[in-house]
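Worksheet: the structure to be examined is printed underneath.
The values are calculated or read from the model by the stated rules, or taken from the named source; none is laboratory data. Keep in mind that this is a model prediction, so the values were computed, not measured. Note that we place each Cβ from the backbone using ideal geometry, even for glycine, and neighbour counts take in every protein chain shown. What goes into the accessible areas is simple: the full protein's heavy atoms, side chains included, and nothing from ligands, DNA or RNA. Shrake-Rupley method; radii C 1.70, N 1.55, O 1.52, S 1.80 Å.
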Amino acid sequence: MKSLPLLFSIFLFNFSYSQGIDFKTEKEIIKQTLSQYLDTNPNSMVSFIKGGKGYKLAAFGLEMGIAMGEDSQKKEENKKDLEHLNYFSDSISNALKTKKIKVFVSDTLFAYKYIPAANNLQNETDWKQNYQYLLADFKYNELARMDTIIGEEYIDLIKKQVHYKGENKTFARGELDYSYYKFEKENLSSKDQSSIRASKIYRLVLNDNNTKGCYLFSFYCSQNRICRSFIFIKKENNKWVYVDEYPSWIVDES
């Protein structure tokens, strides 16, 4: 009978990293929030709609050039570029009234497999040592890696991903169709410049009361490299919303 406490403790450890939701709900949460994240992604045209992240960054740079520039010719060039940006933005808005953006992606939700970098964050000592570096981003955003300060409680979701015990699961891509986006089979040779060449979506983990979550998303970025981020979300007024992203290379070797 002495083996019972050991078996029970193993059960509790595995349960602590299991999901409090079923796979259908997991997919629905990803469906609701992935489109919101994609709206901010530089590969998405939606980012350049007026009010979007890409538009704001581009417009801010041009407006600063107009306001601060001393070269009159350069100021005129910036004004013309701003006009072009606004025309481009309006064209996107009109096109998206009838057109969906294709997202080429795998039909598997992958279990995140942590690969240690300089330190092994599955080791509690290494985790505690690196926690302070994560805190600099999540609590203070010292290096401006995020759009805003989201708080240290999201760090625990990275730890859950590092220790994740789930498995890969396939799904029908159309289950994620939402908002401006239509998910389709990977197609690296597509000439559709409005499409997003995604790579993988990873399984979701939640906090203890199922109000905050984290999954990963990867896509092809410059020079055909794979960029991957932790995607952080939260439940707000009974709806799931996107919060921010965090590059995974800071945590693992990818």
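Which percent, to the nearest 5, of DSSP beta bridges fully inside the chain are antiparallel?
Details: 25 of 33 bridges.
Approximately 75 percent, going by the DSSP bridge assignments.
Share of antiparallel DSSP beta bridges in region 106-254, in percent to the nearest 5?
Working: 25 of 27 bridges.
Bridges in region 106-254 are about 95 percent antiparallel.
Between the amide H of residue 101 and those of 181, 182, distances stay under 5 Å, these residues lying 5 or more places away or on another chain, with hydrogens modeled in the peptide plane. Database note for the chain: Cys without another Cys beta carbon under 4.7 angstrom, 214. Cross-link partners for residue 165 among the lysines, with Cα-Cα distance under 26 Å and sequence neighbours closer than 8 places in the same chain left out: 24, 27, 31, 113, 128, 200, 212, 234, 235.
Among the chymotrypsin sites (Phe, Trp or Tyr not before Pro) in region 75-146, those located in a DSSP loop and surrounded by at most 14 other Cβ atoms within 10 Å of their own Cβ are 140.
Rounded to the nearest whole Hz, the Karplus-based 3J(HN,Hα) values (6.51 cos²θ - 1.76 cosθ + 1.60, θ = phi - 60°) of region 99-109 follow the sequence 10, 9, 8, 7, 10, 7, 7, 5, 8, 10, 8, with x at glycine and proline. Rolling a 1.4 Å probe over the protein chains gives residue 103 an accessible area of about 0 Å².
For region 162-234, give the magnitude of the charge dipole about the Cα centre (Cβ charges: +1 Lys/Arg, -1 Asp/Glu; no others), in debye to the nearest 20. Let's see the in-between values first.
Numbers: 13 positive and 7 negative charges, 38 e Å.
That gives region 162-234 a dipole magnitude of about 180 debye.
For residue 74, the solvent-accessible surface with a 1.4 Å probe is about 110 Å², rounded to the nearest 10.
Taking each DSSP H run with n ≥ 4 as -39500 (n - 2.57) and averaging over every residue of the chain yields -12000 deg cm²/dmol at 222 nm. Helix 124-138 and the long axis of the chain differ in direction by around 30°, with both axes built from C-alpha atoms. To the nearest ten degrees, helix 72-95 and the longest principal axis of the Cα atoms of the chain are 60 degrees apart.
Determine the share of the chain's accessible area contributed by carbon and sulfur atoms, expressed in whole percent, with a 1.4 angstrom probe. Please report the intermediate quantities before stating the final value.
Details: 7600 of 14580 Å².
Reported share for carbon and sulfur atoms: 52 percent.
What is region 130-254 by shape, rounded, prolate or oblate, if you read a ≥ b ≥ c off the alpha carbon gyration tensor as root eigenvalues and call it rounded for a/c under 1.5, prolate for a/b larger than b/c, and oblate otherwise?
Working: a/c = 1.75, a/b = 1.41, b/c = 1.24.
Prolate is the answer for region 130-254, as a/c is 1.5 or above and a/b outweighs b/c.
The string of couplings for region 221-236 from the Karplus curve (6.51, -1.76, 1.60, θ = phi - 60°) is 10, 4, 6, 6, 7, 9, 9, 9, 9, 6, 9, 9, 9, 8, 8, 9 Hz, one whole number per residue in order, with x for Gly and Pro.
For the chain, the solvent-accessible area works out to 57 Å² per residue, with a probe of 1.4 Å and every protein chain left in place.
Against the main long axis of the alpha-carbon atoms of the chain, helix 23-38 sits at an angle near 30°.
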